[in-house]
1. What list do you get for 43, 60 if you sort them by fewest beta carbons within 10 Å?
2. So if we plug the beta-carbon distance of residue 154 and residue 104 into 1/(1 + (r/R0)^6) with R0 = 25 Å, what FRET efficiency do we get, rounded to 0.05?
3. If we count other beta carbons within 10 Å of each Cβ, what is the order of 42, 56, 94, fewest first?
4. Quick one: grab the alpha carbon gyration tensor of the stretch 1-160, order the square roots of its eigenvalues as a ≥ b ≥ c, and give me rounded if a/c is under 1.5, else prolate or oblate depending on whether a/b is larger than b/c.
5. Could you please rank 41, 97, 150, 67, placing first whichever residue has the fewest other Cβ atoms within 10 Å of its Cβ?
6. If I model a spin label as a point 7 Å beyond the Cα along the Cα-Cβ vector, how far apart are those points for residue 75 and residue 24 in nm?
7. For the stretch 51-94, what does the alpha-carbon gyration tensor say about shape, rounded, prolate or oblate, given a ≥ b ≥ c as the root eigenvalues, a/c under 1.5 as rounded, and a/b over b/c as prolate?
8. For an R0 of 22 angstrom, estimate the FRET efficiency from the Cβ-Cβ distance between residue 140 and residue 64 and round to the nearest 0.05.
């Protein structure tokens with residue numbers, strides 16, 4: 001498992017640099033970390049058990065009709081042009097199939113697609129500390145096949161500590 005600081009440095013921050021500045025916030029970073037922990041613990045790039053999900057954020061390709069994470073970001077008017085820009089920046093052909101295959105090994109592309117999928121939700125991102133609202137946001141945007149609410153609290157807490165580290169005590 002990668003350390004969360006490494007995930008931030010190698011995937012999330014570089015992805016957010018490609019996307020519009022308004023997509024970068026502590027709330028976005030927190031949710032991306034929590035979702036990545038929930039989906040793969042930043043350990044698995046392929047769905048366990050041979051399922052179709054790929055990358056740390058466990059996106060399925062889906063189809064035009066069924067959507068899926070990649071098709072969802074590809075077709076949504078709020079994310080389509082940003083996904084085109086991100087794909088170009090990552091030297092990836094701008095097709096759902098190409099993006100789906102690349103996110104297994106391109107963590108920047110995967111983090112960018114994850115942020116764009118969050119961007120498709122018209123509701124504002126939950127404030128830091130709003131764990132239940134963050135869970136609801138995740139369920140709404142990812143539509144996980146087998147949601148695991150029991151693990152969410154600890155993953156959300158880990159992500160929160162990474163985004164807002166506890167202040168160091170003053171020494172006398």
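1. Numbers: 43 11, 60 21.
So the ranking, lowest neighbour count to highest, is 43, 60.
2. Rounded to the nearest 0.05, the efficiency is 0.45.
3. Going from least to most buried by this count: 94, 42, 56.
4. Working: a/c = 1.33, a/b = 1.22, b/c = 1.09.
Rounded shape, in that the Cα axes give a/c under 1.5.
5. On the way: 41 14, 97 11, 150 7, 67 17.
Fewest to most other Cβ atoms nearby, the residues stand as 150, 97, 41, 67.
6. 3.2
7. It comes out oblate by the Cα gyration axes.
8. 0.60
No lab work stands behind these numbers, since they all come straight from the coordinates. All values derive from a computational prediction rather than experimental measurement. Don't worry about glycine lacking a Cβ; one is built from the backbone with ideal geometry, like all the others, and counts go over all protein chains shown.
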